[in-house]
Each structure stands twice: as structure tokens, then as C-alpha cells.
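Everything on this sheet refers to the single structure shown next.
The values are calculated or read from the model by the stated rules, or taken from the named source; none is laboratory data. Everything quoted here is computed from the prediction, not taken from an experiment. Cβ: placed from backbone, ideal geometry, glycine included. Neighbour counts: every protein chain shown.
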Amino acid sequence: ETGVTQSPTHLIKTRGQQVTLRCSSQSGHNTVSWYQQALGQGPQFIFQYYREEENGRGNFPPRFSGLQFPNYSSELNVNALELDDSALYLCASSKTGLNVYEQYFGPGTRLTVT
Amino acid sequence: AQSVTQLDSQVPVFEEAPVELRCNYSSSVSVYLFWYVQYPNQGLQLLLKYLSGSTLVESINGFEAEFNKSQTSFHLRKPSVHISDTAEYFCAVVPYFGNEKLTFGTGTRLTIIP
């Protein structure tokens, strides 16, 4: 069984640029959630995707957007990067309808904005 | 809305000594409770969970947590810690209904002293 994978591992961007982070969900999982973990903080919910549609959103501005593909993989896009966007971005997959509360996390993408 | 409080940001403990990591939560609805562990430079791993039934839950590596509804707490304990337990521990909750948004505490860094 393949776990949750994320790419890239690390990324450095300049303020104002755009970035795309990718996530492949665990085999059999149909729901993907994205979290932002700033240094020294707990993860904060960004949004969740189920059946290729956004299914809940946290307190993040519209410049944070996402996609889910038919194979349940997902992308997180961030436009107009700000210095405060520097963080570890975590993707988690789960299977809605069965143990929906069990989310399995990937290793994360560390984004640095300079 | 839910919130999670982990009062201890850092807990140093001697090897083979017992440890308790505290977690309190606030929620207007019933929630499921989780402890996640994050080893250095890694993503989150599910340590244990309380869904229903016995209020005492155990993990495979010797940790246990007890759900106390009256005190809205879910403290994590281990009778004898090892160097390998050095990590960041996050308490999290998710509501029974609605999207599976995990709300995390700010984490407790457990440092084991040889």
C-alpha cells in the first residue's frame, strides 16, 4: 500500500511569485486535506477536496487555491506569495464514508519565501 | 468551532522516567480526539485516537491517553520514555459531523535526557 507522497520536498520562492505543490493520496483514499504548519506552530487547515470539489475551507485568503484530479491526487496553488507563507505544507488523505476521521499525512513540502 | 490547548510547549524528561503531555479542548459539538507525533523533519504520524467506547486508549509503542469528558481533556502518558520518543506531539480534534477538518494544538516538544 503506497502512502501519501508530496512534491517537491523543499522550495524557495521570491515574494510575489506563484507556487504549486503536489500531493498523491494513499491508495483507496478519495479525500485530500491541506494544512499549513508555520515554524513552532500546529498545522492549520487550509481546505479539503472530495470528488474534485472543495469541501470546506479554513481561514485562508482566495490566493490559496486547489485542485483534485480524477485519480484523487491534488495540487495546492498559492499566488502572490508573501513572506508569511513560509511554512511546511502538509497534505493528508482519508476515505470519506469509512473511518473518515483518520487522516494520513505526507512528509510535507517546506516552502521558503524570500 | 473547536480549539485545542497544549499548555506545555516543551517537556524535558530523563530516560526511563514517566511523562504526561497535557491536552485540553473546547467544542460546542461532540468530537473525536487524536494524538499525532512528528519526528524531526518528517510529517505527522497518527499515534492514537479516541472515537468511542473505553475512555483509555493505547498505542503500540507504550503511549496511552485517557478521554475525560467532564474536564474536556485528553492527556497523553507513557510510564517509561526512551530516547526514540524525542519528537513533537500534537493533540487534535475533529467534529463528529461536517468535513473532516482537524483542529490542532500548538504542540509539545518532548526531549528525552539520557
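A few comments on the model shown:
- Enumerated strands (runs of 3 or more DSSP E) restricted to the range A:21-114, each holding at least 3 residues that are in contact (Cβ under 8 Å) with a residue 12 or more places away in the chain and closer than 22 Å to B:Q6 by Cβ: A:31-37, A:44-50, A:87-94
- Candidate set from the range A:4-20 (those that are in a strand (DSSP E or B) and more than 10 Å from chain B (Cβ to nearest Cβ)); member that is surrounded by the fewest Cβ atoms within 10 Å (Cβ to Cβ): A:H10
- If you go through the range B:4-58 and keep only what is within 23 Å of A:R57 (Cα to Cα), within 11 Å of chain A (Cβ to nearest Cβ) and in a strand (DSSP E or B), you end up with B:V4, B:T5, B:V31, B:Y32, B:L33, B:F34, B:Y36, B:L44, B:Q45, B:L46.
- Within the range A:39-69, tally of residues that are out of contact with any Phe, Trp or Tyr (no Cβ under 9 Å at 6 or more places or on another chain), more than 10 Å from chain B (Cβ to nearest Cβ) and over 15 Å from A:T96 (Cα atoms): 5
- Here B:P114, B:P40 are screened, and the one residue that is surrounded by fewer than 12 Cβ atoms within 10 Å (Cβ to Cβ) and over 21 Å from A:Q41 (Cα atoms) is B:P114.
- Which numbered condition B:S80 fails, given (1) at pLDDT 95 or above; (2) surrounded by 13 or more Cβ atoms within 10 Å (Cβ to Cβ); (3) in a loop (DSSP other than H, G, I, E, B): (2)
- A:Y35 fulfils the conditions (1) touching a Ser or Thr at 6+ places or on another chain (Cβ under 8 Å); (2) within 18 Å of A:T5 (Cβ to Cβ); (3) within 11 Å of chain B (Cβ to nearest Cβ) except for a single criterion, (1).
- Filter result (touching a Phe, Trp or Tyr at 6+ places or on another chain (Cβ under 8 Å) and either surrounded by 13 or more Cβ atoms within 10 Å (Cβ to Cβ) or without any contact (Cβ under 8 Å) to a residue 24 or more places away in the chain (or both)) within the range B:25-37: B:Y25, B:V31, B:Y32, B:L33, B:F34, B:W35, B:Y36, B:V37
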